[in-house]
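Worksheet: one structure, shown below.
The values are calculated or read from the model by the stated rules, or taken from the named source; none is laboratory data. Computed from a predicted model, the values in this text were never measured in an experiment. Virtual Cβ from ideal backbone geometry, glycine too; neighbours counted across all protein chains shown. Only protein heavy atoms, including side chains, enter the accessible area calculation; ligands, DNA and RNA are left aside. Shrake-Rupley method; radii C 1.70, N 1.55, O 1.52, S 1.80 Å.
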Amino acid sequence: MATASAWIHAVLGTLFLLFVFYLAGGALASLAAAGYGARKHDARGLRLARLVVRKTAVREWLVFLLGVVPPIIIGVFVRLADATAYMLTQGWLTTVFLLFTGWGALQVFKILLYKYPRSPKLFIPFGIAAVVLLLPVPAVFMVTGEFAAQPDLFGGFITLILAMLQPSVLWRALDLTITTGLIGGFLVVSIAYRRLRRMAADSPVRRFYRWAMESGLRGTMVSAALLVLSGAVTVASLSPNAQAALTGGNIVQTGLFAAAALFLVGIAAASWLLSRLNRARGVVGTLGILLAATLVVMGSLHAEMRAYQNGPYFGQVPPGLYPSILQQRICGW
């Protein structure tokens, strides 16, 4: 039975990841719209970018509450529970640093996008910086959490980077990145839908929001298709025991994995069909189900696979990670 500490970790970790997905997804969608507008000289793209970034660039207190506090509390819990995990706080603080600097770049991107909309050379680099800094945060957080289960493998920041480069971890990180794109597309669709619902049928700006919703839907469909493909490659990169469990060795896990792929494809197809029929409410509802199902399935598969894993390397120590580093002991945080 899970302990109170495990439940606290799970709740805080989920809250943190959902916030990061929202922030990174919005940054990615806004950058894509701004890039399209700048390249095509299309004012619709820049307008959509401003709408999305205004919703995404949240205030400082919210970043601190949802993005900074959860990983630091988890790091303190880990440090107090196991003295050998003294270096793990570096991993938690790395996630906080990436998140906060990414949020800062996103704020600058928003300011420049609003103030100098005709100067993409000014705001595009900050949008790219925000995306580059925010996208790795879920993967770094995931790997750090797996080190917490086996702290004797952790030797500092270098081992964190080496773990990120392992194929099994790298493909799971790609899954998280694609999920960010899925959430970004959903954010665009939901913003456009709310505006469409409030305006008259003969409003002159209705065409813009209809275009915005279709653009977000296309991004969501592409992300869903890529997520199914990357999921298959991720399974191929797992340890033999984990692969066997997912491909017939364990009925529950095999059924969950197959149902996940079919459900993603089915919901994506339903969303596209409803869009063709001009049923905006149905599109938003089915995309919401798609998003929730994706997150639940990813979390469930990760939890099920932990029984077949041995730390972030799935039982493999990567080249260059020497035993002397693994045995290193230093007092303090």
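Quick notes on this structure:
- Residue within the stretch 79-88 that is surrounded by fewer than 21 Cβ atoms within 10 Å (Cβ to Cβ) and under 17 Å from LEU66 (Cα atoms) present: no
- Evaluation of PRO71 against the conditions (1) under 16 Å from the mean Cα position of the chain (by Cα); (2) open to solvent by 10 Å² or more (accessible area, probe 1.4 Å) shows that the sole unmet condition is (2).
- The residues of the stretch 175-194 that are modelled with pLDDT of 85 or more and farther than 29 Å from VAL140 by Cα, listed by number, are ILE191, ALA192.
- Candidates are the residues of the stretch 203-232 that are hydroxyl-bearing (Ser, Thr, Tyr) and more than 18 Å from GLY26 (Cβ to Cβ); the one that is surrounded by the most Cβ atoms within 10 Å (Cβ to Cβ) is SER230.
- Test: ARG197 is at pLDDT below 90 and under 24 Å from ALA49 (Cα atoms): yes
- Evaluation of ALA173 against the conditions (1) within 30 Å of VAL78 (Cα to Cα); (2) among the aliphatic types (A, V, I, L, M); (3) in the same structural domain as LEU66 (by the TED database) shows that the sole unmet condition is (3).
- Here is the figure for the stretch 99-135: residues that are closer than 20 Å to GLY75 by Cα and surrounded by fewer than 21 Cβ atoms within 10 Å (Cβ to Cβ) total 2.
- Test: residue in the stretch 160-174 that is among the small types (Gly, Ala, Ser), at pLDDT below 80 and open to solvent by 30 Å² or more (accessible area, probe 1.4 Å): no
- THR95, sole failed condition from (1) surrounded by 19 or more Cβ atoms within 10 Å (Cβ to Cβ); (2) among the polar types (S, T, N, Q); (3) out of contact with any Pro (no Cβ under 7 Å at 6 or more places or on another chain): (3)
- Residue list for the stretch 2-60, restricted to those being free of Cβ contacts under 8 Å to residues at least 12 places away in the same chain and open to solvent by less than 40 Å² (accessible area, probe 1.4 Å): ASP42
- Of the residues PHE147, PHE157, the single one that is more than 22 Å from ALA57 (Cα to Cα), surrounded by fewer than 22 Cβ atoms within 10 Å (Cβ to Cβ) and not basic (Lys, Arg) is PHE157.
- Residue within the stretch 187-198 that is assigned by the TED database to the domain that holds ALA24, assigned to a helix (DSSP H, G or I) and surrounded by 22 or more Cβ atoms within 10 Å (Cβ to Cβ) present: no
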